[in-house]
1. Under 5 Å between amide hydrogens, which residues at least 5 positions from V888 or on another chain qualify, with H placed 1.01 Å from N in the peptide plane?
2. Mind running the shape call on the stretch 792-927? Use the C-alpha gyration tensor, a ≥ b ≥ c as the square roots of the eigenvalues: rounded below 1.5 for a/c, prolate if a/b tops b/c, oblate otherwise.
3. Using the Cα gyration tensor of the stretch 1122-1189, with a ≥ b ≥ c the square roots of its eigenvalues, what is the shape: rounded (a/c below 1.5), prolate (a/b larger than b/c) or oblate (neither)?
4. Please say if the stretch 733-772 is rounded, prolate or oblate, where rounded means a/c under 1.5 for a ≥ b ≥ c the square roots of the C-alpha gyration tensor eigenvalues, and otherwise the choice is prolate for a/b larger than b/c and oblate otherwise?
5. Under 8 Å for C-alpha pairs, at least 6 residues apart: give me the relative contact order for the stretch 681-831, rounded to a whole percent.
6. Given Cα pairs under 8 Å that are at least 6 residues apart, what percent is the relative contact order of the chain?
7. Where Lys and Arg each count +1 and Asp and Glu each count -1, what net charge lies around V484 among other residues with Cβ under 12 Å from its Cβ?
8. L581 to A933: extension gain in nm, 0.36 nm per residue of separation minus the Cα-Cα distance?
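Nothing in this text is a laboratory measurement; each read-out follows from the coordinates by a stated rule. Given the structure is predicted, the values throughout are model-derived calculations rather than measurements. Cβ coordinates were reconstructed from backbone atoms using ideal geometry, including for glycine residues, and neighbour counts include every protein chain displayed.
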Amino acid sequence: MLDLTEKRQSEAVHPFVRRTLDLLPDGVLIIGSRREVVYLNDAFKRLWHIPNEIVVKGDRAMLDYVLGQLESPETFLNAVERLYQSPESSEDEITFRDGRVFKRRSVALESGASGSSRIWIFSDFTEAWGARIDPLTGLLNRRAYGREIPGFMASDHSAQIKAFALIDVDHFKAFNDRYGHAGGDAVLERVGAILDKGANLTSHKAFRIGGEEFAIASVHPNDEAAIQYHQNIVGSIQQARILHAWNQPHGVVTISMGLGLFSGPGEPGDVFAAVDKALYRAKKLGRNRVVMATLDSTLKPTVSHVSDLNPVGFDPREIQRSVSLSSSCASADSGADTTLGYASRAFGGSATIGQLFDVLTHSVPGIVWVADEDGKVEFVNEAWCDYTGLSRQQSGAHGWMSALHPEDLDTLMALWPPKSNVQNPVSEKMMRIKRRDGVFRWHMVSANSIAESPSHWIGCSIDIHEVVGMQKRERAQAEILEMVAGGEPVQTILEALCSLGETQLPGSRCSVLLVSQDGKRFDGGAAPFLPKKLQELVTGMEIGPGVGSCGTAAFEKRDVVSANISRDPLWDDWRAAFEPLGVQACWSRPVYGTDDSVLATYGFYFSEVRAPTAEELESLENLRQLAAVAIIKARAHEALEESEEHHRFTVEYNPQIPWTSDPQGRILSVSSRWVEATGIPVEDALGNGWFKALHPDDTQRLVAYWNEHLKTGQPVDVKFRIRLKDGSYRWVRARASARRTKEGTILKWYGAVEDIDDVEQATERLRRQAYQDEVTRLPNRRAFEERLAGRLRDNAAINVLMLDINGFKTINERFGHEAGDAALRLFGRYLRKAMPQADMVARIAGDAFVVLLTNYPPAETLQRFAKKIGKAVEYQLSKSTKTRLCGVSIGCVEAQRDIGADEVVRRARLALSAARKDPNSSIALFTPALPKASEDRFDQIELARAALKSGWIMPVYQPKMDLRNGAIAGAEALLRIDHPSLGIQGPSMIWAALDAPRIGKSINDKMIALVLSDLSQWTPWPEEFGSVSINLSTDILTQPGLSRSLLKKLERSGISTHQLTVEITERVLVDQLSRKSHQALRDLRRHGVRVSLDDFGTGFASLTHLQQLPVNEIKIDQTFVRDLMREGPNAAIVKSMIGLGLNMGIDVVAEGVETAEQGELLREWGCRYAQGYFYHRPMPAKDFARLCGFRPTTV
């Protein structure tokens, strides 16, 4: 083991190299091939916090001390042991238990029998690591990506496979815009955690490179392992089932991935472009898809379910071309002095020391140079050439000065050569060096004189730009947050934010515009560079699209970059005001609050046309986050001040009555408001005198409550009534808490009495309303269900009637809701009067009432009892002009004791529904078959929906015959269902759907469209053929704009109005909604459309109704024609209807003619038209056209 004294170190390492090592801020350790420590510099001991007493104990003690600080000692030791068996260089990161992060580099110096001796360089990367970590996901950020990926691409892993993947969260922007940034951040955080876990498992690196896009760089033993690794990532995200926007019901997060595999060096831009194209294709394919960009023709993936869709073309020769790690120093300096050559000359021809210096200058992360006392550079390492883009020849002598910032160059030359002394041999200074892209960045430059040549200096430079920037941001943030904490006005803080923005983005002028709480306008802000009048205009304008960059950013909640306002349409209305100020570009970012609302916009204005760089975008994001914190805290501070002022006024003008008492409950003090309220003087209320104001019914309860809490010390919260000085009583609420000593002994009680009489009265009203119907004053649904549940628990014999008013909707729509409410009250009163024996009569919804009968009726059936009740109520309703046409439907249930209240109500509803549909009876008793009927109704509606969607609706046509000559005189269009498996079915398959408002209208509309389409094909249309009739229900007739819509359809189809007849039922004539339907029919008739009254004789139409709305024809219902005989019971009725039509000049059509005898009788009695199976059955359109001799016309 080597003795690490100054003497032995001096012997082991050349002084020139030692000066270089002492100069470096990095810790350097040289270990020989036998694992002996050859040298370590002071920076190493400082970075590793190794005290001298540990160093002198030897290698083992020092190693134990070092390992004790690491987060993963075993990983570190394994990596070290592998390196000693290999001549390769290595670079990695190591983490400490206290959170520090070091970058470790190791380079082999020479090989011996037991391995290679190596130089180890350790750099404190903690602050830079913080600057390159994405704060949301914990992954490496875009800055780290820019630094790490070029080295990864350039490395040559000929025996392994390199993989580069781009990952994008599908549809992220849509969900982020809809549910806000908080939900989007949660998604990105979860995805990042999965990628971080996967990368850590394989020692590979994952980056978040922007928004919802990620990148992974990794190395694998072969192509199959690489593919499987990335498939596992997709699988992990699938298994995680990350929900979009927390628990919003929109599925789980999916990703798309582009993947490229290659083995040799690659050009970063080319690889990224190829993989990015693959990612684009993956997104087009769907979710959780991987598309490969084949970057190396020798790789042939064998995993079948990885999509390789004619991958992006890529020349293998291009991807295999060498990306040399040597910089422009070597290529540009033909014949220039090399590092090794310079070191050999400097060290008197020592090749070994020259090799050590060469390795050292190539391994350190910063720049190394040698200059004389006149500032002429004699040597620069490759890091300088790579960084500045200057060759060694260009950097020699004073050429290096072109890379220094002019301000720093003057300062440096004024101090050159550095003045050193024994106590401080190293000179350090911060200055700015121009990177090869033209950007000046801060560096820490250190210099040390060379012992062998005092006129020469060796120095190094480390890029600390991110650290400096972070420190500046932290100082600025701290200053602004101190202003917030100090209570500075919001306006002052906004102006400070503007100043900070102008400092962070040189050349910019800033504004911070606050958005009003309703999010509709700017409500103040700061824009110091604007003239006062323009400030007032801008800080009060409404936001919206096209209102410059800031107004658009606030309205659309997105970043808006107007790189050239002279061409940006967003600035059309504002360009004239800003261009005279020299503004040519404007970038604006919305500042979000914790609830994702926009608090303000942060605007940056430039006097040149330009867009932000990646670094500037990061600065904008940092500024936005600071602005959000500052504005939120400043507003909170203002709100707190307002709250304190409000509290002061509240206490001073508080209507409550504060009081205090001793531990025994005796009142010590009470507000003068007690006297104002009760009339009892304060001195009389002290002690227990306040009892005199209590309501007699509350005294005993309240005194017991007070005594109990005096014993337990629990807080008091009690309600009681006190007598006022006018003798009335009001409800009050007393609350109090005990003040205690440290030992818990009660010192005093503090309380207040507040008037809650209005609240108590309102609560009582609400309590009544909770169980009482507001309109009828009957019990409501809640009261009924609780009573029913109680009776069921008592095992009582229970019957339930559910009733509703037929025609109630008509009353509401014709006479208004007040008349409807009056009808409900009337119905409820009649119902209670008709059933005094009922346990409860309640209104549960709309016009639905229920009656609860307990142990009743005893001797008669429930249906018979319900029928008697229905007639009694209808009789009472008939006495009012507004309800005289109303009827009553009743559903009856004999409740079983083993079912719940909800089931009883459901059965009653089913029975009521059956009663309403039964044309022969308005009373129905629940039977087990009714649920099946309800299911059938549902099935019919579903079948109708399917028929509409699939095009199964079809019209068939039944000819109408002229009985005088036997010729066709028109037809009636009838509905049929052309079912794919059942064939053509009648309308009974979907009866329930025809009564359903929405789907019934859709079916009517479809039938009209189909009939008009057929009519438009049948040309020419003979006048003797009359018209085709189609049925319209009352609900369809009352649709707004029916007549106008139908006439337009006829016009568009080229159909004459006399070719169409609309058939209506007698309900249209007698319905109290007839005003709307009558007007529609009059409009149609006025334009030539015929009107036919279908099923005549089965309803309640009278001559008065026919006179009010003259129709063109009446159709005798088939129930009168089916069994028609000359001397039969229906003969007189049919003759009367025919005579009525002839006398009124109305055509008469007999339906349902099935025999020749029936047709002859009808003709003999004067009926002109008939239709029925005797003449023709309903037929499809093509058969009807063939029968009539029409020629279809192709449109």
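1. Residues meeting the amide H criterion: N806.
2. prolate
3. oblate
4. prolate
5. So the answer I get is 12 percent.
6. The value is 4 percent.
7. -2
8. 118.8 nm
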